[in-house]
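The values are calculated or read from the model by the stated rules, or taken from the named source; none is laboratory data. Predicted, not measured: the structure shown is a model, and the values here were computed from it. FYI the Cβ positions are ideal-geometry reconstructions off the backbone, even for glycines, and counts take in every protein chain you see. Remember, those area values only see protein heavy atoms, side chains included, never the ligands or the DNA or RNA. Shrake-Rupley method; radii C 1.70, N 1.55, O 1.52, S 1.80 Å.
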Amino acid sequence: MEIAVRRHGDTVVVGMGGRVDAYGSGELDRTLENILADENLACVAFDMTDVGYLSSAGIRSIVRTMKILRSRNGALAICALCSYCRNVLETAGMTRSLNIFPTRSEAITFLQSVHWERQALENWDRMEIADSPIGKFRFIPGENSQAELKVIGSVADIFHSRVDEGRIFSRRFSQTEYSIGVGGLGEVPDDYMKVLGSMITIGGTMGWLPTDGHDLADFLVPRNDTGSVMIRTPFNLTLAGGFNEYIMFESSEEGGTTLDRLYRGLFLLSRRRRRDFKGVLGTAAWMQTGELLAGTMMRSPVREFAPENKRAITDPSNSDEWFKRDVLPRHRDVTCLTCGVGIDLSCDLSVYDLSGLYAAFYIDPATAGDRGQILNNHAAVFEQVHMPEKIVCLDKMVREVSAKAEFKDMRKLRDNSRVTRAFLGVSYIQRLVRDSAGWQGTEIPVNRNLAEKRYREESEFPLVPEKREAELNKFQRFLEAQQAKLEKQNK
């Protein structure tokens, strides 16, 4: 058996060729013993490009290595398996517990993320912290990439109930990793058109609330995204480009912090800390929720169900028939996997494509005047599970919760839902992109003049700058008081 050992930064790649049988695994074990003697080594890749045979002895070598690396908060990655070796691992029931990748580069990229997570946990106490009137924020650096919000369809189609079969997108789960919108599942239009409802995709899963009158949510965790089951959606907002920052939030308010106050804190901190903040945030999170209040769409927004008075479904004359808004908490003390977007209306939104904003959001000036922001957040709801004190990898934690916790519900969150603790991935959205992949109809142009007029009027709503300035002054005074207190203690 041939074995070649190479180092790639903090990762060791063990290339092997021939047969990993009883004899070959013995040679492999002796090589691994020397490599793993370095207790600082936590990430190893097995490149099995030239391996044609794998026995149970080879599997024992893999399992032994995996356990040692996990004890060091590291990982083993396996790449370039031939079909026979993969079949052996599948027969042994090992494929779900192993990190298997098609190529060496993908395996190394994965192990680099594991090493980053390990370093971040070791440096947890040295991460940037900000105290605020609502609680403590701890910041963990994320990806240095340009975050985008992909806009599928138009919210106007939903509010005016004009969805038909020609306005439906069919998307794979992998195309909507973190997204919210309106959608459903089914093979043919008769399966989903008349029951389209609020939806969320997060961590490779999908939750949606069919508008079939039963008020019970569905939740799907696909093991393999084969494309045989497609998400159907007339309107969807997808976070793309990765998370620029991760934030651990711990509320200091009794009963938790309302979602709108949490976003207000994020906006204020973003203004102070981030040059890449332009006014729109995308978030995904594991939240511990003290009180969950929902806004539920009761009917599918298809043409067949459009209001007879020709007004929007959000119009006061139609709203009660189309929406149910919780006054009392629907759930208490639950774990939520959330995805959402927020807009700070006091920012200069002209830096974005306003036609994209018009397709993605509808802003009620009365709400804007009261809060200075517009929020849209959905949640998959689970029985409460313990949240670790230290988290740095959102993807991994989201997948663990969705795979192991008991699913309860899926809802669009009202802004007065209360959060006691949360780990958020935050995308500082740089641009909005109209995404037509999977479009089954003809592209409908957006009236740019109408979009610019609406957003100019709403962003200049007179109370917004005043309220924003008051919040900034309040926050600044709090920080100054904290600094003065620390200086006094240090004297």
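Summarise the accessible area of the range 1-71 (1.4 Å probe, protein heavy atoms) by the percent that is carbon and sulfur.
Of the solvent-accessible surface of the range 1-71, carbon and sulfur hold 45 percent.
Once the Cα gyration tensor of the range 106-157 is diagonalised, what are the square roots of 5 times its eigenvalues, in whole Å and ordered largest first, as equivalent ellipsoid semi-axes?
Listed largest to smallest, the semi-axes of the range 106-157 are 29, 24, 8 Å.
Quick one: in the range 249-341, what % of C-alpha pairs are over 17 Å apart?
65 percent
Once you sort the root eigenvalues of the Cα gyration tensor of the range 72-191 as a ≥ b ≥ c, which label holds: rounded (a/c under 1.5), prolate (a/b larger than b/c) or oblate (the other case)?
Oblate shape, in that a/c is at least 1.5 and b/c is the bigger or equal ratio.
Compute, for the range 217-311, the length of the dipole vector about the Cα centre, with Cβ point charges of +1 (Lys, Arg) and -1 (Asp, Glu) only. Units Debye, rounded to 20.
The calculation lands at about 580 debye.
Please list the three semi-axes, largest first and in whole Å, of the ellipsoid equivalent to the range 186-342, using sqrt of 5 times the eigenvalues of its alpha carbon gyration tensor.
30, 21, 17
At a 1.4 Å probe, what is the % contribution of carbon and sulfur to the accessible area of the range 194-296?
44 percent
Which value, in Å³ per residue, describes the convex hull spanned by the Cα atoms of the range 81-134?
That works out to 130 Å³ per residue.
Regarding the range 292-352, what whole-number volume in Å³ per residue does the convex hull of its Cα atoms give?
Convex hull of Cα atoms, per residue: 182 Å³.
Averaged per residue, what accessible area in Å² does the range 154-202 show with a 1.4 Å probe, protein chains only?
Result: 33 Å² per residue.
Please give me the summed charge of the neighbours of residue 76: other residues whose Cβ is under 13 Å from its Cβ, Lys and Arg +1, Asp and Glu -1.
+3
Under 11 Å from the Cβ of residue 160, count the other residues' Cβ atoms, weight Lys and Arg +1, Asp and Glu -1, and hand me the total.
Net charge in that neighbourhood comes out at +2.
Rolling a 1.4 Å sphere over the protein heavy atoms, what is the accessible area per residue of the range 1-112, to the nearest Å²?
Per-residue value: 50 Å².
Alpha carbons only, please: Rg and Dmax for the range 121-238, in angstrom.
In Å, with Rg to one decimal and Dmax whole: 18.2, 55.
Using only the Cα atoms, what convex hull volume per residue in Å³ does the range 278-417 have?
Once divided by residue count, the hull of the range 278-417 is 156 Å³.
Output the Kirkwood hydrodynamic radius of the range 370-431, Cα pairs only, in Å rounded to one decimal.
Averaging 1/r across every pair of different Cα atoms and inverting gives 14.0 Å.
Residue 165: accessible area at probe 1.4 Å, nearest 10 Å²?
Near enough 110 Å² of accessible area.
Give the distance, in whole Å, between the Cα centre of the range 107-153 and the Cα centre of the range 43-70.
For the range 107-153 versus the range 43-70, the Cα centre distance is 31 Å.
Tell me, rounded to the nearest percent, the portion of alpha carbon pairs in the range 169-217 spaced more than 17 Å apart.
Tail fraction, whole percent: 31.
Just to verify a number: what accessible area does residue 90 come out at with the full protein assembly present, 1.4 Å probe, Å² rounded to tens?
Roll a 1.4 Å probe over it and residue 90 shows about 90 Å².
Once the Cα atoms of the range 40-96 are picked out, what are the Rg and Dmax in Å?
Cα radius of gyration and Dmax of the range 40-96 are 11.5, 34 Å respectively.
Give me the net charge of residue 188's neighbourhood, meaning all other residues with Cβ under 15 Å from the Cβ of residue 188; Lys, Arg count +1, Asp, Glu -1.
Residues close to residue 188 contribute a combined charge of -3.
May I ask you to give the solvent-accessible area per residue for the range 209-311, in square angstrom, as obtained with a 1.4 angstrom probe?
That works out to 41 Å² per residue.
Given 25 °C and 0.890 mPa s, compute D for the range 31-138 with the Stokes-Einstein relation, Rh being the Kirkwood radius over Cα pairs; round to the nearest whole µm²/s.
156 µm²/s
Please work out how much length the chain gains when fully extended from residue 35 to residue 348, using 0.36 nm per residue of separation minus the C-alpha to C-alpha distance, in nm with one decimal.
107.1 nm
Ranked from the most accessible area to the least, with a 1.4 Å probe and all protein chains present, what is the order of 132, 97?
97, 132
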